[in-house]
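The structure appears right after this line, and notes come after that.
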Amino acid sequence: MTNKPAVILLAHGSRDPHWVAPFTVMLEQIRQQSGSTRVELAYLELSPPSLEQMVEGLVGEGVVNIEIIPLFFAAGRHLRKDVPIKIDELQQTFLNQGKDVKIELHSPIGLEPEVATAISQTIHRKINQ
């Protein structure tokens, strides 16, 4: 087991490979800058791997601290209800297996001030082109 946390970037998911492609590119860019921190990508639905698959895989490798960073603009129903339920179910399953796994769900990336600033700057640039 390792106490070193792994980070899961959580996106919604889509059957359209064109929708998924930018997330794969972003993951590679983040990995290049993340040093020794393990960063993975999972999807809530419609695209593999699912959040459950990713968490189970990491725990199977001995990871016991997992941080989930949602690549969402805001905390809608999925982040307020669905994801916490999935996390609770996973933690209970691991506890029943004798594994003490900590899974932390962060606030959506869209609520970070830097993201709002970047979006505003991009919109202003496009308006003023």
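The values are calculated or read from the model by the stated rules, or taken from the named source; none is laboratory data. Fair warning: this is a prediction, and the values are worked out from it, not measured in the lab. In this analysis, Cβ positions are derived from the backbone assuming ideal geometry, glycine residues included, and neighbour counts consider all displayed protein chains. Accessible surface areas use protein heavy atoms only, side chains included; no ligands, DNA or RNA. Shrake-Rupley method; radii C 1.70, N 1.55, O 1.52, S 1.80 Å.
At 1.4 Å probe size, with every protein chain present, just tell me what the per residue accessible area of the chain comes to in Å².
Details: 7970 Å² over 129 residues.
It amounts to 62 Å² per residue over the chain.
Not counting ligands, DNA or RNA, and with a 1.4 Å probe, what is R77's accessible surface area in Å² rounded to the nearest 10?
Near enough 140 Å² of accessible area.
Gain in length, T24 to E104, computed as 0.36 nm per residue apart minus the alpha-carbon separation, to one decimal in nm? Could you put the intermediate results ahead of the total?
Numbers: separation 80, 0.36 × 80 = 28.80 nm, distance 2.24 nm.
Full-extension gain reported as 26.6 nm.
Relative contact order for the chain: what is it in percent, counting Cα pairs under 8 Å that are at least 6 residues apart? Spell out each step's value before the answer.
Details: 174 pairs, mean separation 36.0, N = 129.
Relative contact order here is 28 percent.
Regarding the chain, what are the three Cα extents along the principal axes, ordered largest first, in Å?
Taking max minus min along each principal axis of the Cα atoms, the chain gives 58, 33, 29 Å.
Which order do peptides 16-28, 84-96 fall in by mean Cβ count within 10 Å, highest first? Don't skip to the answer; put the middle values down first.
Details: 16-28: 12.2, 84-96: 13.8.
Top of the packing list down: 84-96, 16-28.
Which log10 I(q)/I(0) values does region 78-129 give at q = 0.14, 0.21, 0.29, 0.30 Å⁻¹ under the Debye formula, counting every alpha carbon as one identical point scatterer?
Log-scaled intensity ratios, in q order: -0.56, -0.79, -1.03, -1.05.
Hey, got the dipole for the chain? About the Cα centre, +1 on K and R Cβ, -1 on D and E Cβ, debye to the nearest 20? Display every interim value, and only then the final one.
Values: 12 positive and 15 negative charges, 68 e Å.
Value, rounded to 20: 320 debye.
With just the Cα atoms defining each centre, how far is region 105-129 from region 20-46? Give it in Å.
So the separation of the two Cα centres works out to 19 Å.
Give me the percent of accessible area attributable to carbon and sulfur for region 32-129, probe 1.4 angstrom. Intermediate values should be presented prior to the final figure.
Numbers: 3150 of 6020 Å².
Roughly 52 percent, rounded to a whole number.
Taking 8 Å as the Cα distance limit and 6 or more residues as the minimum spacing, I'd like the relative contact order of region 26-99 as a percentage.
On the way: 23 pairs, mean separation 12.7, N = 74.
In percent, rounded to a whole number, it is 17.
Quick one: which of 118-125, 105-112, 65-72, 33-40 comes out on top by average Cβ neighbours within 10 Å, and what's the full order, highest first?
On the way: 118-125: 10.2, 105-112: 15.0, 65-72: 19.4, 33-40: 12.1.
Result, highest mean first: 65-72, 105-112, 33-40, 118-125.
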